[in-house]
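The values are calculated or read from the model by the stated rules, or taken from the named source; none is laboratory data. Small disclaimer: the values here were computed from a predicted structure and weren't measured. As a convention, Cβ positions derive from the backbone with ideal geometry for all residues, glycine included, and neighbour counts pool all protein chains shown. Heavy atoms of the whole protein, side chains included, go into the accessibility calculation; ligands, DNA and RNA do not. Shrake-Rupley method; radii C 1.70, N 1.55, O 1.52, S 1.80 Å.
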Amino acid sequence: MMKKKNHSKIKTKAEKDLALKKIKEQLLVATEAPLFAYRTANQYWPVIGDGSSEAKIMLIGEAPGKNEALTGRPFCGSSGKILDKLLNSIALSRAEVYITNIVKDRPPTNRDPLPEEINYYAPFLDQQIEIIQPSVIVTLGRFSMDYLLTKYKLATGTIGQLHGQVLPLEMSFGLINFVPLYHPAATIYNQALKATLIKDFAVLKTFK
Ligand code: URA
């Protein structure tokens with residue numbers, strides 16, 4: 001028997017933009033957020049996401065760093081420079097994709113996000129995915145990869161095993177592709193990983 005799918009209503013661009021704006025408004029005043037006090041004490045912004053609400057490709061990083069928290073824009077520091085080069089290498093602009101993170105506020109001293117932080121912020125990411133309805137989700141680094149692998153009960157594996165693979169992902173809005181990639185920051189001092197990330201990124205050309 002065919003499995004019945006709960007296809008969510010396709011939204012117009014204006015509806016998508018409004019829904020994304022509501023997420024931003026919610027997070028701005030989310031006093032219960034685990035990193036809210038740290039954010040406000042440092043006059044940081046929550047970093048919601050950037051790019052097109054109609055993007056086919058959605059990239060999900062880890063958490064904002066200092067530059068991102070100061071500007072409210074994802075990937076605008078050193079990792080962002082690498083990401084821009086990678087996008088450039090396959091002739092994609094930031095305006096054509098949507099870039100976000102699993103954790104929306106900067107963790108102190110850029111430490112790894114804590115499980116409770118991921119638990120708190122992930123539902124906002126889930127909403128963003130439902131709004132944008134991308135045909136490809138690209139995770140950058142192990143935190144966003146592990147979140148999707150666990151949530152959708154996919155085969156488990158390390159980023160070393162899964163990077164560059166195209167995994168099918170059954171979403172409420174249809175079957176999409178999931179491509180786990182290394183985080184751009186991991187390549188800063190590792191030339192071999194940099195070459196791997198450039199090679200893996202080329203996989204995305206087929207989805208443009
Ligand atoms: N690293 C991330 O994972 N996200 C950013 O926005 C910046 C650096």
Exercise for review: Name the one entry in Ile48, Ile99, Ile118 that is within 15 Å of the chain's Cα centre (by Cα) and part of a strand (DSSP E or B).
Suggested key: Ile99
Review point. Got at least one residue in segment 159-180 being at negative phi, open to solvent by 40 Å² or more (accessible area, probe 1.4 Å) and part of a helix (DSSP H, G or I)?
Key: yes
**Study point:** Test: Ala37 is outside any loop (DSSP other than H, G, I, E, B), more than 12 Å from the ligand (Cβ to nearest atom) and of a type in the set (A, V, I, L, M, F, W, C)
**Key:** yes
Practice item. Name every residue in segment 51-77 that is near the ligand (Cβ under 8 Å from one of its atoms), small (Gly, Ala, Ser) and either open to solvent by 10 Å² or more (accessible area, probe 1.4 Å) or part of a loop (DSSP other than H, G, I, E, B) (or both), in order of residue number. Key: Ala63, Gly65, Gly77
Review point. Does Lys24 satisfy being under 30 Å from Ile176 (Cα atoms) and free of Cβ contacts under 8 Å to residues at least 60 places away in the same chain?
Key: yes
Review point. Which condition does Ile188 not pass, out of (1) more than 30 Å from Ala37 (Cα to Cα); (2) within 13 Å of the ligand (Cβ to nearest atom); (3) within 14 Å of the chain's Cα centre (by Cα), if it passes all the others?
Key: (3)
